[in-house]
1. Over the alpha-carbon set of the chain, work out the extent along each principal axis and list the three values in angstrom, largest first.
2. For Leu34, list long-range residues whose amide hydrogen, built 1.01 Å from N in the peptide plane, is under 5 Å from its own amide hydrogen.
3. Please work out the FRET efficiency for the pair Asp613 and Arg493, using the Cβ-Cβ distance as r and a Förster radius of 56 Å; give the result to the nearest 0.05.
4. Using the alpha-carbon atoms, what tilt in degrees (0 to 90, nearest 10) does helix 236-248 show relative to the longest principal axis of the chain?
5. Among the trypsin sites (Lys or Arg not before Pro) in segment 332-385, which ones are in a DSSP loop with at most 13 other Cβ atoms within 10 Å of the Cβ? Mind listing them?
6. Using R₀ = 56 Å, calculate the FRET efficiency as 1/(1 + (r/R₀)^6) where r is the Cβ-Cβ separation of Asp14 and Gln212; round to 0.05.
7. Restricting to the chain, what percent of DSSP beta bridges are antiparallel, rounded to 5?
8. Output the peptides 487-500, 122-135 sorted from most to least packed, where packing is the average of other Cβ atoms within 10 Å over each peptide's residues.
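Quick note: the coordinates plus some simple rules give every number you see, no bench work behind them. No experiment lies behind these values; they were computed from the predicted model shown. A quick note on method: Cβ atoms are made from the backbone with ideal geometry, for glycine too, and the neighbour counts reach across all protein chains shown.
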Amino acid sequence: MTAATLLRDVFGFDGFRPGQEEIVEAVSLGQNTLAIMPTGGGKSLCFQLPALVRDGVTVVISPLIALMRDQVRGLREAGVEAGALTSGNTQEETDGVWQALEEGRLKLLYMAPERLAAGGVPQMLRRIGVSMIAVDEAHCVSQWGHDFRPDYLRIGELRRALDVPLAAFTATADAETQAEIVEKLFDGVPPVTFLRGFDRPNIHLAFAVKDQPRQQILSFAAARKGQSGIVYCGTRAKTETIAQALREAGHAACHYHGGMEAEDRRVVEGRFQQEDGLIVVATVAFGMGIDKPDIRWVAHADLPKSIESYYQEIGRAGRDGAPAETLTLFGPDDIRYRRQQIDEGLAPPERRMADHARLNALLGLCEALECRRKTLLGYFGEEAKSCGHCDLCDKPADVFDGTTPVRMALSAALRTGESYGSGHLIEILLGSDLDKIKQRGHDQLPTYGVGKEYSRREWQAIFRQMMGHDLLRPDPERHGGLRMTEKARPILRGEDVIQLRRDTIKAAKTGNKIKMLVSEDDAPLLSALKAKRRALAEAAGVPAYIIYNDSTLIEMAQKRPMSLDEMAKISGVGAKKLQSYGDAFLSVIVGEVAQLHPARRKMAGRSEGSVYDRLLEVQADLSRGEDGTGKPMTCSASLLAKVAQMRPRDMSTMERVLGAKYAERFGAAFLGVLSEAS
Ligand code: ADP
Ligand code: ZN
């Protein structure tokens, strides 16, 4: 079968996602390949599909047992022979895998890298006919990366020993990691390399300045009630209080952080994977190992650490390609906290500089004046047009020339020895008569009271944006006193101007309108389909998305297939799943489902199906012969199915298939149907 047919029949997808087709082709041809795709881009398909096209077994090396088991389960559900050898297996599972291998049935064998350390593995793999190695999360081979796995270094050796093609996949794009992968996995010989863009167009991006942050999170969640989401928090304590508040507001929510017992963490991970609509309020400890494709939203209750972390964290939403939303809250305290964290860290000075730069990039995104996505992708070196799918495209920023107030603020900071925080500087600018101003003689400064045309709140927004644009930085040596950076000098000297956003605080207060994944008309059907999915998932003890993912259900609710044939055309409904669940979901849409003969069911959604239906009609007309007086006669369903599949082209072949008696009655008419159909 061709890749396109397998894509449709086995995986149930109408087409490739951007970039997949070229990769699938190269991997299927047995070329050494390195594919860099963003999370959610659809990497797994790029080795799963070639594994089916190629002879022999494909070994998949993947670092996380939970993810391997999930993929194996998904593949089996789609009718693919796959198995895993991991330390998490029961003896029975392991025996099953070996049996399938011995019988030559297995197409994909997932293995944890630790397994490679055991003696005799290459011999074993050669004996079972391994014809390709696929390496997921290939950046784990990088000694300088965060996810280094020493056992990954054995993969290169394995490739040499087996002498089969290797396909490596990762979402980490930087040049050093790439070079390390080529060195360690491909002995320095560059493979065919694919670099797919970093855009995730289905994710809506939005930022808001903190203003009663807990309320902001609660109303964001309320507008998405019943959808799975993650709230990231900066501290462990906060995960608990926000989870509590969400529960009080009627959501299913749990907290998760690194300080919890391993067992408790596993329970939350398991529930999140399995349940539809759970909210996990977590620190960044919740991340590695989450492979839930139907996370509908991610909110940051606190500012992430850097632009990379931001991208990674929001990227957990919407991996199934269906719409997903994000909201990131930030405020001056976050900026101070993140700077302080870097300054007080133990990293060498160059590293700290780099960390400040990565934080600056994120702050630039917070304070962006135009399309967030353009700014974000720009950081990753990609050019983009305004996306139409972020808060700033939805509602352009209200900007003003901030040069004058920025110069006032800089001057206030400089004249007070760069030793004060924004609170004190704002009092000076407003001309306040507080004692602490007078005692220090700050009421004598030329900047005293020059900023009365702005309110205290407006000044807070100006200072926050100045920190965001890295014009002022808290200085750890002076207890957080704001110090002017080199970047601010041209503005102070009047050589440069700066645009600021008018108050971002007002924009933060959005309405409480419920966000829908589908139109109001289709929403009740979508809920009914989800209920059916939940029931089937619970009965089978698998996560809901293993049955069908959200985008598949959304498409069902919108297109409303009326028959199994139409159902087969929905993206995500492969042949095996059509047989297992087609009727159940169809009955939600149309009520009672007419029973099809099993021989006909197998042809649902294929051209043979409609040929079969025509044959049936023609046969009904002839059941008593041409003049309607003959002996009643009909072919069995499986005989008709055989005709539809084999498509005999002439009478003698038709006779061989039908037998002389039936051929005499129906042969000519059937040949007519078949010639119309071809
Ligand atoms: P990652 O690149 O992060 O490993 P996955 O392989 O897990 O991504 O794929 C993410 C999601 O996209 C999965 O739910 C998968 O079923 C879906 N997907 C992959 N390829 C396609 C496609 N061609 N059409 C529709 N959905 C796809
Ligand atoms: Zn945009």
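1. Sorted from largest, the Cα extents of the chain read 116, 60, 47 Å.
2. For Leu34, the qualifying residues are Ala168, Val192, Thr193, Phe194.
3. Working: r = 81 Å, r/R0 = 1.45.
That gives a FRET efficiency of 0.10.
4. Between helix and principal axis, roughly 60 degrees.
5. Values: sites: Arg336, Arg338, Arg339, Arg351, Arg352, Arg358, Arg372, Arg373, Lys374, Lys385; in loops: Lys385.
For trypsin sites (Lys or Arg not before Pro) across segment 332-385 that sit outside H, G, I, E and B with at most 13 neighbouring Cβ atoms in 10 Å, the list reads Lys385.
6. On the way: r = 45 Å, r/R0 = 0.80.
So, using R0 = 56 Å, E works out to roughly 0.80.
7. Numbers: 7 of 54 bridges.
Bridges in the chain that DSSP calls antiparallel: roughly 15 percent.
8. Working: 487-500: 14.9, 122-135: 17.9.
The packing order, highest mean first, is 122-135, 487-500.
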